[in-house]
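Student: The structure under discussion is supplied below as structure tokens; questions concerning it will follow.
Every number here is computed from the coordinates shown, using simple stated rules; none is lab data. On a predicted model such as this, the values are computed, not experimentally measured, just so you know. Neighbour counts are summed over all protein chains in view; Cβ atoms, including those assigned to glycine, are modelled from backbone coordinates with ideal geometry.
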Amino acid sequence: MKLYRLIFFFALALAVTACSDDNYSPSDDTTTDDTSTTDDTTDPTDDTTGGGDTTTDPDPVDFTDKLSELPVFDGNLSDLTPRDGVYLYELNSGLFTDYAAKQRLIRLPNGQSMEYAGDDQLPDFPDKTLIATTFYYISYIDSNGVTRNVDYIIPSRSECIVCHFNNAVTTPIGPKLRSLNFNPNNEYVNINQLQYFINEGILTFAPDPASLALLPDWEDDTAYTLEERARAYMDINCAHCHNPDGVVGTFDMDFRYETAFDDSGIYANRGEIEARTLSTLVNYRMPQLGRTVVHEEAVTMLVEYLESLD
Ligand code: HEC
Ligand code: HEC
């Protein structure tokens, strides 16, 4: 319970910014109203959920309405350069959001760490942890060689909560340890990401990452089977709603990676899964939030998997 109350506190303070190459300038306020924090969450006296006395925190984040005012970036906002003490993290498989690119950052209050709580779980985050995802748009060339631009529709605040909802509380989704347990080979980290966080002292009580699970990269068809890739994709793109504690927990579908195939409802719903991931109809497509176009590469893989079940 303590964990969830802490997460409730900080998840509301999470911020997503959106910018596009076309209309973005560094002086823009990049945060939408939808994601602004409320008075409740900025009042430290409301937060009595543990993790120590927040008023003596050496480096507390004062959550404000604007990501640009939070201690996240250095220099020009448009460069998205994380400030000292703000860590980039990557997921082995991520959420599809109409081909928008994402930068994921985490900032732990000074001297504190996230604590291991199981590899298929989120770690326990200290109070005043800040996690920010920034969407940015790049033109991309599709499989037919056509240049396409992304036009991502930012979900409303209430829509955020539809996905970021578990067991009746707001919760982060991505940074389960098993999604981080790989070498991201980016400009900051070229060793196992969990090991890097352990070395930096921001992840504690974790066993050797080599002994922990890894959520497959759905795109990697050499390291993983079709089933592993399909299940990983559905875990990160569907399971936040389709699990017993999610918003559609009442359906007989549980798309979490750790759920046994026989309990997942995938077989019984294979036709509908195929039809809905291939659809762009507002009230029919899956997920109905966060995407408007078909994720073609992934759906090709999914359909191959679903049809292999017959
Ligand atoms: C369609 C479901 C969905 C909607 C709607 C959605 N998110 Fe998320 N969000 C996710 C998933 C899944 C992840 C983790 C995967 C990733 O990062 O690619 C995530 C990641 C995040 C993160 C990074 C921390 C974490 O939970 O992993 C933040 C911050 C965030 N979302 C905020 C928001 C905000 C604010 C909104 C509304 C403007 C929103 N999200 C709407 C599904 C959703
Ligand atoms: C934002 C929450 C959310 C996400 C994410 C989501 N779904 Fe759904 N899903 C729903 C809701 C709500 C319904 C029930 C309403 C409806 O049938 O459209 C539903 C219904 C379904 C159904 C129909 C079940 C039936 O018995 O008719 C299927 C199949 C399905 N989802 C598959 C998926 C798949 C596959 C994904 C990921 C690619 C996914 N969903 C992601 C919310 C979500």
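Student: Taking the Cβ-Cβ separation of residue 272 and residue 84 as r and a Förster radius of 45 Å, what is the calculated FRET efficiency to the nearest 0.05?
Tutor: Calculated value: 0.40.
Student: In Å, the Kirkwood hydrodynamic radius of the stretch 90-249 over pairs of distinct alpha carbons?
Tutor: Roughly 17.2 Å, rounded to one decimal.
Student: Now for a separate question. Can you put 189, 146 in order, fewest other beta carbons within 10 Å first?
Tutor: Ascending number of Cβ neighbours within 10 Å: 146, 189.
Student: For residue 102, what residues show an amide H to amide H distance below 5 Å, using hydrogens built from the backbone and excluding near sequence neighbours?
Tutor: Long-range HN contacts for residue 102: 136.
Student: Quick query: amide H of residue 96 versus all other amide H atoms, modeled in the peptide plane; which residues come in under 5 Å with a sequence gap of 5 or more or a different chain?
Tutor: Amide H to amide H, under 5 Å and 5 or more residues apart or across chains, residue 96 pairs with nothing.
Student: So between residue 140 and residue 252, what do we pick up on full extension, going 0.36 nm a residue minus the alpha carbon distance?
Tutor: Length gained between residue 140 and residue 252: 36.6 nm.
Student: Apply the Karplus parameterisation 6.51 cos²θ - 1.76 cosθ + 1.60, with θ equal to phi minus 60°, to every residue of the stretch 212-223 and state each ³J(HN,Hα) to the nearest whole Hz, in sequence, with x for glycine and proline.
Tutor: Once rounded to whole Hz, the list reads 9, 6, 9, 6, x, 7, 4, 7, 8, 8, 8, 7.
Student: Related question: Could you give the length gained on full extension between residue 260 and residue 190, defined as 0.36 nm per residue of separation minus the Cα-Cα distance, in nm?
Tutor: Taking 0.36 nm per residue and subtracting the Cα distance, the gain is 21.9 nm.
Student: Return the Cα extents of the stretch 217-310 along principal axes one, two and three, sorted largest first, each rounded to a whole Å.
Tutor: 34, 29, 24
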